[in-house]
Every structure is written in structure tokens, then in C-alpha cells.
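Working notes for the structure below.
Here, each number is a calculation from the coordinates, and none is a lab measurement. The structure displayed is predicted, hence computed values, not measured ones. Note that each Cβ is placed from the backbone with ideal geometry, even for glycine, and that neighbours are counted across all protein chains shown.
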Amino acid sequence: MSELDWNDDAAALDAVMHYFWTHGYEASDIDALALSAGLKREDLLHRFGNKHALFRKAVDHYLDVGFDRELESFETGRAPLATLGAVFDEIVAPPDSSLAVGGRVRFSSGLDVAPYDTVFQQAIADVLVKFQTFLRNRIAAGQQQGAISNASSPDDLAKLLLGAMIGARVLARMQPKRDELVAIARSALSILTDDETQA
């Protein structure tokens, strides 16, 4: 990344948050973070404070702006159920897999390092709360359209889908087999439309 304009905090925070998501908090040093943001080390520290202050500002910026921006790309031109399917494919996709659709859900990379990084765990927890709300809202919209079963509440279905996504993400890193990941996604999404419900 070329050196950023001094006033462009958003671009700098986007860059360092992407680095944090990929490497975790503990493994991210100031020199590497400054390089990712296109800033000199001393400029980065003067602008945002120490590493922990930078991390918290980057997380807050992501929650305020980046998260919604990432997920909007999945909603454009898609019905709620199709949106959920596209997000599921993205989150569970193994690296460089044909399942991947562009790395648009950047926080999902943080799921890989959070178990080993105590500072990172709270950031991931904060993001997952917001992500579960996104799932809940999409499910509720699908239920209103009649495309998703009303047998369970949007809250319960969002929790179930989130758990399935996280479990599949772990499996994707351990055994990245396309057929197994597709089966998990298909089974989880089928619960949304399984309607003994509407019979």
C-alpha cells in the first residue's frame, strides 16, 4: 500500500484491521502494521497510540463501518435465503478454495487465531454478536417472505446457523474437503426451509 494521506484514518484503520484479522494481535508488531498502512512507525504511533490503542480503534472502526460494508455486498440483488447461503460459503471456504468468493468477510480470518490470542478473543466476540444480529435480520426477512420456515424464532435459527458456520470453519482448516463443507452448508440451510412447519 502506498503512503496514506495523514488525514485518512479510515484507510489506515482498514489496513491494520485486515492485518490483525490475518495474523492475530500477539503476532502483529508495530513495524508490520505500519507497513501495511503505508505509514512510518513513528507516524502510526503518533496518530493512534500504542499497539493496544491502535487495535481497539481498528476494531471500533470495523464494527462501525467495515462490517456492514462487507456484508452489503452479499445482499445486493439477493433474496434473504440466497444471502445466507453466500455468506455461509464464504466463511467456511478453505484458503484458495473454489468455494471462496473473494474474501469479503474479513473477520472470519480472526476465527482461526482467536483461540490462541486472548486480546483477540474479545474483538471476535464483539463482532460475532453483530454477525448474529445480521443473520437474525436476514432470517426474519425470509420468514416474512415465506421463504424460510416459521417453525423456530429468528433468534434461535440465527444461533443455530452461527454455530454451524463456526464449526464448519474449524473443519475447513483441519480437513478442507469440498464435499464435506458443502454437505454441512446444505444441511444447515435446509433447516431454514424444512417445513413440517408449513405442512
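Below 14 angstrom from the Cβ of P154, what's the summed charge of the other residues (Lys, Arg +1; Asp, Glu -1)?
Result for the local shell: +1.
Provide R186, R47 in ascending order of the number of other Cβ atoms located within 10 Å of each residue's Cβ, fewest first.
Final ranking by Cβ density, sparse to dense: R186, R47.
Per residue of the stretch 121-132, in order, report the coupling 6.51 cos²θ - 1.76 cosθ + 1.60 (Karplus, θ = phi - 60°) as ³J(HN,Hα) in whole Hz, putting x for Gly and Pro.
Each residue's phi maps through the Karplus curve to give 4, 5, 4, 5, 4, 4, 5, 5, 4, 5, 5, 4 Hz.
When K177, K159, K57 are ordered from fewest to most other Cβ atoms inside 10 Å of their Cβ, what list results?
With the fewest neighbours first, K177, K159, K57 line up as K177, K159, K57.
Quick check on the exposure proxy: order I166, I139 from fewest to most C-beta atoms within 10 angstrom.
Arranged by neighbour count, lowest to highest, I166, I139 become I166, I139.
Could you give the nm distance between label points at A27 and D179, where each point is 7 Å from its Cα heading toward the beta carbon?
Between A27 and D179, the simple spin-label model gives 3.1 nm.
Evaluate the distance, in nm, between pseudo-label points positioned 7 Å from the Cα of S73 and of N50 along their respective Cα→Cβ axes.
With each label placed 7 Å out from Cα toward Cβ, I get 3.5 nm.
Would you work out the relative contact order for the stretch 1-76, in percent, from Cα pairs under 8 angstrom that are 6 or more residues apart?
Relative contact order comes out at 36 percent.
If amide H atoms are built 1.01 Å from N in the plane of the peptide, which residues on other chains or at least 5 residues away come under 5 Å of the amide H of Y25?
F120
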